[in-house]
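Okay, so here's the structure we're looking at.
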Amino acid sequence: MKIKRFFAPDIRQAMRMVREEQGPDAVILSNKRVDGGVEIVAAIDYDERALSPASLAQAPSVSATPRVSPQPAPAAALPPVAEARERMLSGEPTLLEMKNELHTLRRMLEGQLSGFAWGAFVRGDPRRVELIERLLRFGMSAAQSRAIVEAVMSVQGDVDAAWHRALDRITGGLPLYGRDLMTDGGIVALVGPTGAGKTTTAAKLAANYSLRNGPRQVAMISMDSCRIGGWEQLRAYGRLLDIAVRTADSHEELHQALDEFSDRSLVLIDTGGMSQYDGGLQRQVDILDRSALGKQVMLLLPATCRQSGLGDVIEAFSAFGPDACIVTKVDETTCLGGVLSAAVTHQLPIAWMSDGQRVPEDLHPANAPELVARATHIMNRTGPRIDEDLVSLSFGREIANAQH
């Protein structure tokens, strides 16, 4: 058995190096992230009896880029518990060796299980591979793609027929907001990360409501005191639409503004944009004090954000208890399905979709068939094909995890 270790800036280049060096029969023993990229350990003429942690450690290396040895970090004081643990481990080399061996074995088994699971999946029905690639290009997660494939491939037919069934399933599972803001009105707070389009969306909602009910029935409150020009932008919209605008930078000021606008049927609150990782989010939660004000909360999700980032946004802003989301920047994204996937995963209803800067034209009530059709159109227009190596690694791991 011949084992080699491959280093590359990303998984795609590493897999290409494995294919070129060892051919299509190579077996992936492990893969992990390292400084400067990824590391893959692969073998040909695989023989598990000859495999040991020592053989993995001694495997020759092939690198796509020069690797720089890290400089030793200055010694830092350890907490008492950590210091005692470090002394114990340093005095027991056998424990350290066992720990390293177990870690290597775990990585090896994970890689093997992923490869075996993906290979069995492909051999079971090659049509599934193409359908999975389409779903991943659409923007669905690996877990969602697997569930959809299992549901729609049970029926005989070609891939195109299965694809239409998959889209129908996505459409039917898309959560939508049941309330009509243009009819019900109320107090509505817009929250979300920096650059999600809260101020422009507030102006669009206000303009739409004003066209139906008159400008004296709607008002806007700005809590965006951090961003330069945030308050001025909302005030400019207010002058243009003949709609009253106030500022509030504390819970008391917000109450005063709401008391002033108690005769308005719709009051929109434009909160300040913050990163989902900003610890200052709690201050805005305290100022809004949803339970005391009885307001609706809309979370703005930019369709340009990556799926993993969308999950972080939803988790961080869950402190506001959002009733629904508004999908923004639809005109700028190359993968609308990602935000639809996130809405399904977190069961966050979609209320509106924004696809441009025009006020109020570029804001539309959420409609499941239209959203899925738009996502499909964007996928067909801009979505690149999914790299098969990435599919086999990520989806194979998903299958293996589901089986255990």
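Each reported figure results from applying straightforward, stated rules to the coordinates on display, with no laboratory input. Here the structure is a predicted model, which means the values were calculated and not measured. Counting neighbours? That spans all protein chains shown, and the Cβs are built from the backbone with ideal geometry, glycine included.
How long is the gain from Asp331 to Gln217 if the chain were fully straight, where each residue apart is worth 0.36 nm and the alpha carbon distance is subtracted?
Net length gain for the segment: 38.0 nm.
Can you figure out the FRET efficiency of Ser262 with Glu315, using R₀ = 30 Å and their beta-carbon distance, to the nearest 0.05?
Between Ser262 and Glu315 the formula returns 0.30.
Tabulate in residue order the Karplus-calculated ³J(HN,Hα) for the stretch 201-218, using 6.51 cos²θ - 1.76 cosθ + 1.60 with θ = phi - 60°, rounded to whole Hz; enter x for Gly and Pro.
5, 4, 5, 5, 5, 4, 5, 4, 5, 5, 5, 8, 10, x, x, 6, 9, 9
Sorted by average packing, counted as other Cβ atoms within 10 angstrom per residue and highest first, what order do 334-342, 258-266, 163-171 take?
Averaged packing, sorted descending, gives the order 334-342, 163-171, 258-266.
Provide the percentage of antiparallel DSSP beta bridges, counting only those with both residues in the stretch 181-366; round to the nearest 5. Before the final figure, lay out each step's value.
Working: 3 of 30 bridges.
Bridges in the stretch 181-366 are about 10 percent antiparallel.
Quick one: which of 241-249, 354-362 comes out on top by average Cβ neighbours within 10 Å, and what's the full order, highest first?
Most protected by this proxy first, the peptides run 241-249, 354-362.
To the nearest 0.05, how large is the calculated FRET efficiency for Ala236 and Asp158 if R₀ is 45 Å and r is the Cβ-Cβ distance?
Between Ala236 and Asp158 the formula returns 0.25.
Sorted by mean Cβ packing within 10 Å, highest first, what order do the peptides 126-133, 203-210, 3-10 take? Don't jump to the answer; show the numbers that get you there.
On the way: 126-133: 17.4, 203-210: 23.1, 3-10: 19.1.
Result, highest mean first: 203-210, 3-10, 126-133.
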